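Working notes, structure below.
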Amino acid sequence: MTKTLSDRIPGQTRPAQDESPRYTKSPHDGNPQHTKPAHDGIPQYIREIDAYIPGKPVEEVERELGIRAIKLASNENPLGPSPMGVEAAKRALGEANRYPDGGSYYLREALAKRLEVPRQNIVMGCGSTELIHVAASVLLGPGESAVTSEGSFPLYYVAIEKMGAKLIAVPLKDYAFDLDAMARAIEPETKLIYVANPNNPTGTVFDADAFAEFLAKVPERVLVVMDEAYYEYVAMANYSRSIELVREGKNILVLRTFSKVYGLAGMRIGYGIGPAELLTEIDKIRLPIPVSGAAQAAALAALDDFEHVRRSIEVNRDGLAQIGKGLREMGVKFVPSVTNFILVEVGEGADALAEEMLKLGVIVRPMAWMGFPRAIRVSVGTAEENDAFLRALGQLETGAASAKRGVSGRG
């Protein structure tokens, strides 16, 4: 007999509650000498999680070093937020004394019309990162497993491991998701798969045909979370048919965001498109109002800010070409990207190079914590910001080459 989605969600049938009191007073209550450290009660699998490392704020760098800096580290939109979104958010702040619509009705309705799916198939989140977490929360538990890739977004690993589930991380192949190997890695205990398309931090992509072949190998009981945070930047033909798969009733949750091309990263708002039954379960366990009224208003207006989206995509396309040309002229290896960032292979000492770039006023991300100890990731900026990055990198590369020649020339 085929199981429904709710059959796969933990806790649908619970044993009878223990009749003993819910809280018991300790004989040592109130005596700090007999109190155990709070962290003693934290499960070992939580303690072993590697924490997510956020990008360094530009204000912090400027304060510490006393310089003006440009931030090319967090894949933000260099043109700023959607102007229409900003005006809508300002108006919404006039109602900030009221709790906003926890169900984001008007925004979900607008997205439903845009994507041609029922409103019940759309869920809003505090960034798409919240939805990464709640997908794991409704499906995973100890003794179960989830599959994703090495060299990808670290919050997939956190979401899996925080539930006490087994993380199966498959190595990348040529900087890209190895979908065949991921399909082979599925176990009987596997209930969830995370894929990023495009992938962060490599900027690589697979097409809709490759994903369809992969999905055919995945048991129907397994939810596939397809993270398309950089969807709007991809110009490749046959890139994605993910929304069609949702319409067909496939067990897939597609994640998108307003943080990138719409420039609303600071508003923390994203959305998921997936099975209505799954989204109903997600709603049970999340915060009752995950998205602020100002964020909802900004996103709703930004959806129709076609000029800002057009300019953002155009500036990004030109920036990718500009940075790529500069890196090739310096003989620096990089991974061709379809996103708004580039993974740059700078060799040994990538962390040190990123620190030196800080002193030159350019903030980039060293990538050892994401599995690339010889690389940095640079976000595409304005033409002037991209030039500043290339100048700084060229200066450091020239200095390193000179130092190396000096060492080798000593007798």
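The values are calculated or read from the model by the stated rules, or taken from the named source; none is laboratory data. For clarity, every value in this text was computed on a predicted model and none was experimentally measured. Every residue, glycine among them, receives a Cβ derived from its backbone with ideal geometry; neighbour counts consider all protein chains shown.
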Problem - Residues of segment 52-78 satisfying the condition of being within 29 Å of TYR233 (Cα to Cα) and free of Cβ contacts under 8 Å to residues at least 60 places away in the same chain - result: PRO54, PRO57, GLU59
Problem - Residue selected from segment 191-223 under the condition of a type in the set (A, V, I, L, M) and touching a Phe, Trp or Tyr at 6+ places or on another chain (Cβ under 8 Å), by the criterion surrounded by the fewest Cβ atoms within 10 Å (Cβ to Cβ) - result: ALA208
Practice task
From the list ALA235, ALA229, pick out the single residue that is part of a loop (DSSP other than H, G, I, E, B), over 19 Å from the mean Cα position of the chain (by Cα) and in contact (Cβ under 8 Å) with a residue 24 or more places away in the chain.
Solution key: ALA235
Exercise for the section: Could you check, for segment 31-44, whether at least one of its residues is modelled with pLDDT of 90 or more and either assigned by TED's automatic domain parsing to the domain that holds TYR262 or of a type outside the set (S, T, N, Q) (or both)? Expected result: no
Completion exercise
When every residue in segment 324-356 that is assigned to a strand (DSSP E or B) and in contact (Cβ under 8 Å) with a residue 24 or more places away in the chain is compared, the one surrounded by the fewest Cβ atoms within 10 Å (Cβ to Cβ) is GLU345
Problem - Residue in segment 69-80 that is more than 26 Å from VAL315 (Cα to Cα) and of a type in the set (A, V, I, L, M) present - result: no
Handout entry: segment 109-119, residues that are over 20 Å from ARG241 (Cβ atoms) and either aliphatic (A, V, I, L, M) or out of contact with any Lys or Arg (no Cβ under 9 Å at 6 or more places or on another chain) (or both)
Key = ALA110
Completion exercise
Taking segment 273-308 and keeping only residues that are farther than 25 Å from LEU245 by Cα, crowded, with 18+ Cβ neighbours inside 10 Å and modelled with pLDDT of 95 or more, one is left with VAL291, SER292, GLY293, ALA294, ALA295, GLN296, ALA297, ALA298, ALA301, ALA302, ASP305, HIS308
Handout entry: Considering residues of segment 75-130 that are in contact with a Ser or Thr (Cβ under 6 Å, 6 or more places away or on another chain) and under 30 Å from ALA383 (Cα atoms) only, the residue modelled with the lowest pLDDT
Key = SER128
Exercise for the section: Check whether at least one residue in segment 280-291 is of a type in the set (Asp, Glu), in a loop (DSSP other than H, G, I, E, B) and more than 30 Å from LYS90 (Cα to Cα), and report yes or no. Expected result: no
Fill in the blank from the handout: Considering only helices (runs of 4 or more DSSP H) wholly within segment 79-154, the ones with at least 1 residues that are touching a residue at least 12 places away in the same chain (Cβ under 8 Å) and within 30 Å of GLU385 (Cβ to Cβ) are 83-93, 128-139
Completion exercise
Restricting attention to segment 180-198, the residues that are part of a loop (DSSP other than H, G, I, E, B) and either at pLDDT below 95 or touching an Asp or Glu at 6+ places or on another chain (Cβ under 7 Å) (or both) number exactly 2
Problem - Unique residue being in a helix (DSSP H, G or I) and either touching a Phe, Trp or Tyr at 6+ places or on another chain (Cβ under 7 Å) or more than 30 Å from ASP387 (Cα to Cα) (or both) when the list is ALA297, ALA321 - result: ALA297
Practice task
List the number of the failed condition for GLY361; all other conditions in (1) touching a Pro at 6+ places or on another chain (Cβ under 8 Å); (2) in contact (Cβ under 8 Å) with a residue 60 or more places away in the chain hold.
Solution key: (1)
Exercise for the section: Give the number of residues within segment 244-271 that are of a type in the set (A, V, I, L, M, F, W, C) and either surrounded by fewer than 18 Cβ atoms within 10 Å (Cβ to Cβ) or touching an Asp or Glu at 6+ places or on another chain (Cβ under 7 Å) (or both). Expected result: 4
Handout entry: ALA321 vs. criteria among the small types (Gly, Ala, Ser) and crowded, with 17+ Cβ neighbours inside 10 Å
Key = no
